[in-house]
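The values are calculated or read from the model by the stated rules, or taken from the named source; none is laboratory data. The model shown is predicted, which means the values in this text are computed figures rather than measured ones. Positions of Cβ are generated from backbone atoms using ideal geometry, with glycine treated the same way; all protein chains shown enter the neighbour counts. For the accessible areas, the whole protein counts, side chains as well, though only heavy atoms, and no ligand, DNA or RNA atoms are used. Shrake-Rupley method; radii C 1.70, N 1.55, O 1.52, S 1.80 Å.
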Amino acid sequence: MDSQSYLPVPPGVGMEENFLSLDDILLSHERLPSRTECLFPRLGYLEKSTDSQDIQEGTKMELPLWLAKGLYERKRRVVSIELPKVYREGWRTVFNADPTVVDLHKMGPYYYGLGSQMLHFDSPENPEIAQALLQTFIGRFRRTMDSSQNAYNEDTSALVDRLDTLERGLFKMGQRGLNSFQGWEKGKASHLTASALVLNYRKRKMTDLQA
């Protein structure tokens, strides 16, 4: 099989998922604590904790993200979605104090992705959640990239164990850039190529100028 026949699709950013991305498919199956706000007739078999034929109003259950988003309506309350504990005020305080000490992968491998999806649901805490996501990313970014640049030809498993999926992707990009530079210094590469981030930035600038 040609190694170039499959090109991984990057995950979506923001409120919408990219369903050609394996990461986004896995993210869409993250389970959210929820509460039914109306009767769901003849669906009791989906709730293992009851023998009722119906799912009663007020039933607490966990729903995958894709189903929670499909059922959620602001005008007609069908289900209400609770915040996973990692996005609640207690954990936000921990992140604000020192985000680098938190094992994000243990708390949930899609901390940033799921957090951005939680903004889809109408919660009074959304501004605080968005700010916590941004500050956590900023607070951990430099350490993540510094680690990727100081682990040439070393076992990096211990370094990435505590990283969220997004951070692991950034770490790998840093490693690839370092390896390419080291190879160029040793004469193993004929020339340096611009990173995808730089190329994408140039494309956006050209689009802005032409608009």
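What order do Leu71, Leu39, Leu27, Leu22 take when sorted by accessible area (1.4 Å probe), most exposed first? Spell out each step's value before the answer.
Working: Leu71 50, Leu39 85, Leu27 10, Leu22 115 Å².
Descending order: Leu22, Leu39, Leu71, Leu27.
With protein chains left intact and a 1.4 Å probe, residues in the stretch 45-195 average 62 Å² of accessible area per residue. Among Phe121, Phe40, the order of accessible area from largest down is Phe40, Phe121, computed with a 1.4 Å probe on protein heavy atoms. Rounded to the nearest 10 square angstrom, Trp66 shows an accessible area of 130 square angstrom against a 1.4 Å probe. With a cut-off of 15 Å between beta carbons, the residues surrounding Gly90 carry a summed charge of -2, where Lys and Arg count +1 and Asp and Glu -1. Heavy-atom accessible area for Arg77, with the other protein chains in place and a 1.4 Å probe, reaches approximately 110 Å². Using a probe radius of 1.4 angstrom, the carbon and sulfur fraction of the accessible surface of the stretch 77-152 is 55%. Classify the stretch 46-175 from the C-alpha gyration tensor, please: rounded if a/c falls under 1.5, else prolate or oblate depending on whether a/b exceeds b/c. Cα axes put the stretch 46-175 in the prolate bin.
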